[in-house]
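Asker: Please see the structure below; I have some questions.
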Amino acid sequence: MPIDVDETQRLQEIAAATVRVAEESGPRSVTIRAVAKELGGSTAVITNYLPSRAALMFNAFQVNQRLWQDDLEQHVHGLTGIPRLRALVEWHCTSTGDDDVLRRLWVEMLAIAQTLPADLTASAHAQARDAYATIAGAMADADLTDTVATDVLFLIIRGFFVATIEDPASWPPERAAAAALRALELLLTAR
């Protein structure tokens, strides 16, 4: 008789193991075999759910994306207009928990983007569009409908992700948040 496995729970376990492997040995060490070893099982523990290394990394990112969304909702809860926009920008320029490891996995996924299956590429593009839409929604809520201003904030936030990997000592969250908030103030005064 087959063992009944909760797929959502298994994907969360695989995501946590993926993050641990990336944290211990770097994102390039994330392989199906390494994550299966971390889980104490065979590669079938992974491949029954995720067919490739790219899917493995994307799963870790997706599982944590849901956690980030919940955290963001709590951070901006009850705020509207410009205070909500400021809180959103500030939140995007923070690092907690496994954020740094997940950003390194994200950059690794970008590095192999040309080889990703179409469904993962579409999911990655959808994630980026959703992040942009969140910023655009907050901008509209603050009566800022200038697309270029939204583009600027989006690029600053995405740039923070890369800067924290490139040179984390020079770009701590406090400095990035101060720069992003200053850019926001400039955008607000320019309207």
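Asker: Among the residues of the range 122-154, which ones are open to solvent by 60 Å² or more (accessible area, probe 1.4 Å), at pLDDT 90 or above and polar (S, T, N, Q)?
Answerer: Across the range 122-154, the qualifying residue is only T147.
Asker: Restricted to the range 62-121, and to residues that are among the acidic types (D, E) and under 17 Å from E166 (Cβ atoms), which residue is nearest to the chain's Cα centre (by Cα)?
Answerer: Among them, the one singled out is D99.
Asker: Can we say W91 is hydrophobic (A, V, I, L, M, F, W, C) and over 23 Å from T18 (Cβ atoms)?
Answerer: yes
Asker: Here is a further query. Select, from R175, R86, the only residue that is modelled with pLDDT of 90 or more and either touching a Gly at 6+ places or on another chain (Cβ under 7 Å) or under 18 Å from W68 (Cα atoms) (or both).
Answerer: On the way: R175 fails: either touching a Gly at 6+ places or on another chain (Cβ under 7 Å) or under 18 Å from W68 (Cα atoms) (or both).
Testing whether each residue is modelled with pLDDT of 90 or more and either touching a Gly at 6+ places or on another chain (Cβ under 7 Å) or under 18 Å from W68 (Cα atoms) (or both) leaves just R86.
Asker: Would you mind finding the one in I165, I157 that is open to solvent by less than 40 Å² (accessible area, probe 1.4 Å) and under 16 Å from the mean Cα position of the chain (by Cα)? Before you say what the answer is, go through the steps one by one.
Answerer: Numbers: I165 fails: open to solvent by less than 40 Å² (accessible area, probe 1.4 Å).
Residue meeting the stated conditions: I157.
Asker: I need the helices (runs of 4 or more DSSP H) fully contained in the range 1-108, keeping only those with at least 1 residues that are without any contact (Cβ under 8 Å) to a residue 60 or more places away in the chain, open to solvent by 80 Å² or more (accessible area, probe 1.4 Å) and not aliphatic (A, V, I, L, M).
Answerer: 7-25, 32-39, 53-76
The values are calculated or read from the model by the stated rules, or taken from the named source; none is laboratory data. The model shown is predicted, which means the values in this text are computed figures rather than measured ones. Note that we place each Cβ from the backbone using ideal geometry, even for glycine, and neighbour counts take in every protein chain shown. Quick note on the areas: whole protein, heavy atoms, side chains included, nothing else; ligands and nucleic acids left out. Shrake-Rupley method; radii C 1.70, N 1.55, O 1.52, S 1.80 Å.
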